[in-house]
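The structure appears below as structure tokens.
Just so it is clear, none of the values below were taken in a lab; they were calculated from the coordinates. The structure presented is a predicted model; accordingly, all values stated were derived computationally and were not measured. For neighbour counting, all protein chains shown are included, and Cβ atoms are generated from backbone atoms with ideal geometry for every residue, glycine included.
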Amino acid sequence: MALLMVRYGEIALKGRNLRMFTRQLRRNIRAALRKNGIAGEVREEDRRIYVETDQPEAALPVLQRVFGIVSISQVAEVPRDLEAMKAEALRMAAQFGLGPQHTFRTEARRADKSFPLTSPEINYQVGGAVKEAFGPTVRLKGPADFILGIEVRRDRVLMFSDILAGPGGLPIPVSGRVVALMSGGIDSPVAAWMMMKRGCGVIPLHFTQGTVETEKALENCEVLAQYSYGWEMRPIVLSHAEVLEPTLRKLYQLGAGRWTCVFCKRLMLQEAVRIAKELDAQAVVMGDSLGQVASQTLDNIEVISWGIEKPILRPLIGMDKTEVTALARRIGTFDVSTRASAPCRYLPAEPITRASLGKFRELLAQLEAME
């Protein structure tokens, strides 16, 4: 059986709520293993979570998608004995193929202060044995080809050489649940992922205009589901036409077709709020990035958000397209989002970019009077 050591970060700062956060993280790790058909035992000791499994190669990439995990290492367990540590260090260095052309260092951490050697002394003794055997250059700071980690615990020593990054954040759904507007484009799946990272269970909501964008949105929901351990992602699909067209006809009767995008966004928000109330969600998520398109100017955002009865979360608001695209590539939604798209059939030739709240309220009153 291999032993994997799971590290968490900001969860450790939760004080009296720490146990609740780590309990949910353990649950999500078990759910991740179970969903991917991986057998494993999960336990917690000394602010570390450990996974015992005979399928470490399969388990590691899965754990790298569990929110709340900062990093993972496969560790070797050795007795609390200096010679045993040296022997394991030499074995791991040989397995790596360490030689004079490489740089290396040891990083010891003495969690149990009763161990007779200090951390620097462990580094000196174990690192010296590796240096003598393989002849690499010692690099005490900065990047190195081979970094050997040593953690001295109460009953054993854990040694590792690889640290794989996890996504960080908080385990789902400790922060509650949100309804996320989900198009077939690049931005909205990234916005949903960012709220998942903050511990939210996401309810995707897509307004369909046809099969092309809907298939893309649903495929991206499948990608996001690979991170949604602890929460079952169930997309909701509504007709865009049924939501927008009754209002759109009246707008054109009023000669206010330029306001289409503003009213479209607002109507989708209102539907999202209705669903949020039904499903006990606390907020609505949008993929807006300030100034990116006509409906995302600050003036238009103010108008679109006016009077909405749930908090509107916009995690991409300060990011530019390059940053959002890089994150989409990283999480795996980019290829789906950039497939051939169907243009929005309702986009006006000259959408309004500087909507005023006063004019909007006038139009709203006129629309209501036409009912």
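Applied to the stretch 86-98, the Karplus parametrisation 6.51 cos²θ - 1.76 cosθ + 1.60 on θ = phi - 60° returns per-residue 3J(HN,Hα) values of 4, 4, 5, 4, 5, 5, 5, 5, 5, 4, 5, x, 5 Hz, with x for Gly and Pro. Computed from backbone phi with θ = phi - 60° and the Karplus coefficients 6.51, -1.76 and 1.60, the 3J(HN,Hα) list for the stretch 275-289 is 5, 4, 5, 5, 9, 6, 8, 9, 7, 10, 10, 10, x, 5, 10 Hz; x is used for glycine and proline. For the chain, the Cβ-based charge dipole about the Cα centre amounts to some 700 debye (Lys, Arg positive; Asp, Glu negative; other atoms uncharged).
Averaging the sequence gap over all C-alpha pairs within less than 8 Å and six or more residues apart, then dividing by the number of residues, gives the chain a relative contact order of 15 percent. Under the combined filter of DSSP loop state and at most 12 neighbouring Cβ atoms within 10 Å, the stretch 286-331 retains these GluC sites (Glu not before Pro): Glu309.
Considering only Val130, Ala192, Gln366, and ranking their Cα positions along the charge dipole of the chain that arises from unit charges at the beta-carbon of Lys, Arg, Asp and Glu, the one farthest toward the positive end is Val130. Panel order for Ser73, Ser119, by other beta carbons found within 10 Å of each beta carbon, from fewest to most: Ser119, Ser73. Once backbone amide H atoms are built at 1.01 Å from N, Ile203 has Val178, Val179, Ala180 as its partners under 5 Å, excluding neighbours fewer than 5 places away on the same chain.
Of the two radii for the stretch 2-165, the radius of gyration is 0.99 times the Kirkwood radius, both from the alpha carbons; that is the Rg over Rh value. Would you kindly give the portion of the calculated P(r) for the stretch 93-189 that falls above 21 Å, as a percent of all Cα pairs? Result for the distance tail: 52 percent. For the chain, DSSP calls about 50 percent of its internal beta bridges antiparallel.
Dividing the summed helix terms, -39500 (n - 2.57) for each DSSP H run of n ≥ 4, by the number of residues in the chain produces a 222 nm estimate of -13000 deg cm²/dmol to the nearest 500. The per residue volume of the convex hull around the alpha-carbon atoms of the chain is 164 Å³. Once the Kirkwood radius over Cα pairs is known for the stretch 81-121, the Stokes-Einstein relation at 37 °C and 0.692 mPa s delivers a diffusion coefficient of 277 µm²/s.
Beta bridges assigned by DSSP with both partners in the stretch 1-150 are antiparallel in approximately 70 percent of cases. Note on the stretch 176-369: Kirkwood hydrodynamic radius from all Cα pairs is 17.0 Å, rounded to one decimal.
Within the straight-line cut-off of under 13 Å between alpha carbons, the aspartates and glutamates reachable from Lys197 are Glu10, sequence neighbours fewer than 8 places apart in one chain being disregarded.
Dividing the mean sequence gap of close Cα pairs (under 8 Å, 6+ apart) by how many residues the stretch 106-166 holds gives a relative contact order of 42 percent. Taking other Cβ atoms within 10 Å as a rough exposure proxy, Leu218, Leu347 sort from fewest to most as Leu347, Leu218.
Here the contact order of the stretch 183-288, divided by its residue count and restricted to Cα pairs under 8 Å and six or more residues apart, works out to 32 percent.
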